[in-house]
Structures are given as C-alpha cells and as structure tokens.
1. Taking Cα centroids, how far is the range 40-80 from the range 192-214 in Å?
2. What is the diffusion coefficient of the range 134-199 in µm²/s, taking the Kirkwood radius over Cα pairs and the Stokes-Einstein relation at 4 °C with a viscosity of 1.567 mPa s?
3. What is the packing order of peptides 135-143, 87-95, taking the mean over residues of other C-beta atoms within 10 Å and listing the highest first?
4. Does a label point 7 Å from the Cα of D95, set along Cα-to-beta-carbon, have any residues of the range 5-33 with amide nitrogen under 15 Å, and which are they?
5. At a 10 angstrom cut-off on C-beta neighbours, averaged per residue, how do the peptides 175-185, 68-78, 40-50 rank from highest to lowest?
6. How would you order 212-220, 190-198 from highest to lowest mean count of nearby Cβ atoms within 10 Å?
7. Once R0 is set to 45 Å, what does the formula 1/(1 + (r/R0)^6) return for the Cβ-Cβ distance between D159 and S34, expressed as a FRET efficiency to the nearest 0.05?
8. As a test of understanding, state the convex hull volume per residue of the range 2-97 from its alpha carbons, in Å³.
Amino acid sequence: MEIIKKYHELAAEGYSAAMCTIVETSGSTPRKASSKMIVRGDAKTFGSVGGGKLELLVIEDALAAIKSGETLLKTYSTGEENDMHCYGECSIFIDPLPAKKSLIIFGAGHVGGALVNIAENYGFKVSMVDPREELTGRLESQGIHVIKREFVEAFDEIDTDENTFIVVCTPSHSFDEELTLMCARKPHAYLGMIGSKKKVAEAKTFFEKQGLEKEAIEAIDMPIGIPINCETPDEIAISILARLIDIKNQ
C-alpha cells in the first residue's frame, strides 16, 4: 500500500509522524475500517480517515500523541455535532513515530568519522560539518548530510532545538573551544567536546572568561563520552555513542 510505503519513507528520513488507522466503525461513517491517514509532525497529512471536523480532531490528537510518544485508541462521533452528513462512530488507533534525534558532528577526522559510521544505526539523523573534501566525500556517497564549510562559518547555517545532540571534535583545540561556546548558547539536548583533561581545564577557563554561566559549563560533556579504557578512535566513538544513547533514552 502506498500509505505504508510513505510511512516507512518518513521514518527513514527522520520525520516525526503518526499512523492513524480506523479499526472499527458503527452506523454511517465516511471511511471504513482499515482506512489510514499519516499525520506528520508539522501537521501535513497523507491519506484520509474521513475529512471534515472528524479529521481535524484526529490530526489534533495525532500531534499530541507525537509529542507524548504514547499510542491512543479513541472513538469519534461522525454525527451532527461534527457537522458531518453521516451519523455513526469510528474507533481510530493512533500510533506515533518519534523523529530521529538530530546529531551534529563538527569534525570528520578519526573520531568523528568513526562516530558517524555507527550513530545512524541507533536512532540519530546525522549531519557532518567539515570543509575537508578528502574526508567528507566518502560520507556523502553514503548518504550522510555533509556541510562543507569552515567550522565557525557553518555554525550560522545550523538550526538546533531541544532534540539536537552536538559533538565537537575538530582538528583544532581553538576551534573546539569557540564552537563549543557558540553551541552552549543555542538550544540542545546534549553538547560534548573532545579533549584531554588538560585541554578541558583550559576550555573551562576560556568559557568562564567569555561569561558562560557555571551551570552551562558543567552541562558540557568533556572529556566527551562515558569513561572507559578506550584508546583507538573506534573505541572513543563507542564511548561517545554510549553517552548519546544514555541521554536520548532518558
């Protein structure tokens, strides 16, 4: 069915959505059981469960379900109070599909490159920021969203919200500090910066001098990742991913 195909496409693209399915009807209803409608997180719809005020009510409930993450089974009247020309009831099951969390990685070097290879398998929609063609070309061929701009310049192109996860691991500690400071002042769910204990101490001093509040500094995950005995870029990427999953699933 085309509606099922569309649902899978939205899931693959990282959209939030809800599948609304008529599971039972009684009396006269505009659509019969098994009719489906997808409501995307921005209220755009695909398919129909009957139109009119009924559909507006379903869209409203679907958007609430997307926000809460909870399924809903509700019976709707198709009678006179809904200004419809048929009189009956239909029970509709609303099944929300949460959006993939957005993960922005600054730096496609050894650690960033290793992280991008595994993060999309664990519910993240990844964007890589790095101007170096020799590192980003492979990622583009894999379908990863790449922003090939200088790190600080690219920052202005990036929108973040409370569902955005940010990992800063550029080849320059000064870039790391500047980007992390900028990101700390934008909405985000998680912000982590790579660095040794010495570099982290220097970064904290820099943030304090730039007027970043103590609470905001303490909220930055640095040194980044869950503390395990990791040495290789792949192992460091796993420790970072573990932290991301832990925050995502809270």
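All of the numbers you see were taken from the coordinates with simple rules; none came from a lab. Everything quoted here is computed from the prediction, not taken from an experiment. Note: ideal-geometry Cβ built from the backbone for every residue, glycine included; neighbour counts use all protein chains shown.
1. Centre-to-centre (Cα) distance: 47 Å.
2. Numbers: Rh = 13.0 Å.
It diffuses with D of about 99 µm²/s by this estimate.
3. Numbers: 135-143: 14.1, 87-95: 18.1.
Sorting 135-143, 87-95 by mean packing, highest first, produces 87-95, 135-143.
4. The answer is 5-12, 17-24, whose backbone nitrogens lie closer than 15 Å to the label point.
5. 175-185, 40-50, 68-78
6. Details: 212-220: 13.3, 190-198: 18.2.
Top to bottom by mean Cβ count within 10 Å: 190-198, 212-220.
7. Values: r = 38 Å, r/R0 = 0.84.
For R0 = 45 Å, the calculated efficiency reads 0.75.
8. On the way: hull volume 7.5 nm³, N = 96.
Value for the range 2-97: 78 Å³ per residue.
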